[in-house]
Amino acid sequence: MAVPELSAVEQQIVLLVAQGRSRRAIADELGLSLKTVDWHIARGRRKLERAAMLHDRMQREADLVVEGVGLQARTAIDNQRREDMTKLQPRPTRFELKAIFALLLAIVVTGAVAGASSAAKTGSSPRSGELRVTKECSQYTGAAGSFCTITSSNLNAIKVGSRVVYTSAADPTRGVLDSDLVIDGPGHNTAFGHVVLDLATLSGVVRFSGGTGEFTHFHAGPLVVACPAFPDCSWDGPYSFSPPN
């Protein structure tokens with residue numbers, strides 16, 4: 001398992017969360033939208049969880065070795081463990097991670113509560129299948145923060161009228177849109193994804209992994225992006241709602 005790296009923005013947000021700042025205060029201080037802050041919080045939380053899992057696995061493996069070779073080995077292993085954990089600095093300790101998890105969960109508590117009842121909210125939609133979505137992109141300018149609007153969906157969680165917001169600008173020099181995106185649904189229901197789109201052919205691939213509210217355990221992709229009659233575009237591909245093991 002690779003050691004997760006928090007981006008500079010994620011480090012800032014985690015620090016502000018640990019200081020007790022609200023989502024709105026963080027958004028105002030960093031000049032970000034609330035949805036972008038939510039997206040960074042969710043990504044940071046997943047990375048911190050992976051770091052905690054890595055720490056626990058190192059602890060278990062070291063304990064097993066110590067049991068096999070005796071007390072003398074413990075000093076060497078503890079030294080190595082301390083050296084390994086030093087390399088991970090400024091990674092939080094397990095205690096600190098738990099505290100940060102609690103704060104992160106408090107900030108996105110509305111999403112967590114909504115996620116617990118997602119099965120009821122998604123109505124008759126299956127927990128997995130083929131996703132078909134159409135969107136209208138006349139408001140998309142290529143700038144960061146511009147958006148398309150959902151016009152139809154065969155998944156109840158993706159509501160007509162929801163915005164698909166792109167967090168990065170298109171790159172006309174490379175001829176590509178390579179950006180994180182969010183489906184900004186009503187309430188606190190937000191899906192997090194990433195798109196790579198060829199600007200010449202207006203075709204590409206979208207993937208979604210997680211979110212808040214109804215999208216807490218949402219996964220989709222690869223979804224084929226097609227825009228045969230721009231500004232009208234579509235996504236087609238597999239989706240599922242899979243709680244973590």
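Worth pointing out:
- Restricting Thr141, Thr149, Thr173 to those that are assigned to a strand (DSSP E or B) and either in the same structural domain as Thr216 (by TED's automatic domain parsing) or modelled with pLDDT of 60 or more (or both) reduces the list to Thr149.
- Among residues of segment 144-173, those that are over 16 Å from Thr190 (Cα atoms) and of a type outside the set (Gly, Ala, Ser), counted: 5
- The residues of segment 182-198 that are in contact with a helix residue (DSSP H, G or I) (Cβ under 9 Å, 6 or more places away or on another chain) and closer than 17 Å to Ala220 by Cα, listed by number, are Val182, Ile183, Asp184, Gly185, Asn189, Thr190, Ala191, Phe192.
- When residues of segment 160-176 are limited to those that are among the polar types (S, T, N, Q) and surrounded by 16 or more Cβ atoms within 10 Å (Cβ to Cβ), the one farthest from Gly31 (Cα to Cα): Ser162
- Here Ser168 meets the list (1) in contact (Cβ under 8 Å) with a residue 24 or more places away in the chain; (2) in contact with a Gly (Cβ under 8 Å, 6 or more places away or on another chain); (3) among the small types (Gly, Ala, Ser) almost entirely, failing just condition (2).
- The set of residues from segment 220-243 being buried (at least 17 other Cβ atoms within 10 Å of the Cβ) and among the β-branched types (Val, Ile, Thr) comprises just one member, Val225.
- Segment 1-45, residues that are among the basic types (Lys, Arg) and crowded, with 16+ Cβ neighbours inside 10 Å: Arg21, Arg23, Lys35, Arg43, Arg45
- Single unsatisfied condition, Phe192 versus (1) within 16 Å of the chain's Cα centre (by Cα); (2) not in a strand (DSSP E or B); (3) not acidic (Asp, Glu): (2)
- Restricting segment 201-219 to residues that are in a loop (DSSP other than H, G, I, E, B) and in contact (Cβ under 8 Å) with a residue 24 or more places away in the chain leaves a set whose member that is surrounded by the most Cβ atoms within 10 Å (Cβ to Cβ) is Thr216.
Results for (1) surrounded by 20 or more Cβ atoms within 10 Å (Cβ to Cβ); (2) closer than 28 Å to Ser242 by Cα; (3) in contact (Cβ under 8 Å) with a residue 12 or more places away in the chain; (4) not β-branched (Val, Ile, Thr), shown as yes or no for each residue.
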{"site": "Gly129", "(1), (2), (3), (4)": "no, yes, yes, yes"}
{"site": "Gly142", "(1), (2), (3), (4)": "no, no, yes, yes"}
{"site": "Gly145", "(1), (2), (3), (4)": "no, no, yes, yes"}
{"site": "Ile150", "(1), (2), (3), (4)": "yes, yes, yes, no"}
{"site": "Asn154", "(1), (2), (3), (4)": "no, yes, yes, yes"}
{"site": "Ile158", "(1), (2), (3), (4)": "yes, yes, yes, no"}
{"site": "Leu181", "(1), (2), (3), (4)": "yes, yes, yes, yes"}
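- Hey, Asp232 at pLDDT 95 or above and among the acidic types (Asp, Glu) or not: no
- Selection of segment 9-27 for residues being outside any helix (DSSP H, G or I) and either at pLDDT 85 or above or closer than 11 Å to Ile41 by Cα (or both) yields only Ser22.
Residues are listed down the side, and each one gets a yes or a no for (1) closer than 19 Å to Gly237 by Cβ; (2) touching an Asp or Glu at 6+ places or on another chain (Cβ under 7 Å); (3) not aliphatic (A, V, I, L, M):
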site: Ile150; (1), (2), (3): yes, no, no
site: Asn154; (1), (2), (3): yes, no, yes
site: Ile158; (1), (2), (3): yes, no, no
site: Ser168; (1), (2), (3): no, yes, yes
site: Leu181; (1), (2), (3): yes, no, no
site: Thr190; (1), (2), (3): no, yes, yes
site: Thr201; (1), (2), (3): yes, no, yes
site: Val205; (1), (2), (3): yes, no, no
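- Residue match in segment 74-82 (condition: at pLDDT 65 or above, part of a helix (DSSP H, G or I) and of a type outside the set (Phe, Trp, Tyr)): no
The values are calculated or read from the model by the stated rules, or taken from the named source; none is laboratory data. The shown structure was predicted, so the numbers you read here are calculated from the model rather than taken from an experiment. Cβ: placed from backbone, ideal geometry, glycine included. Neighbour counts: every protein chain shown.
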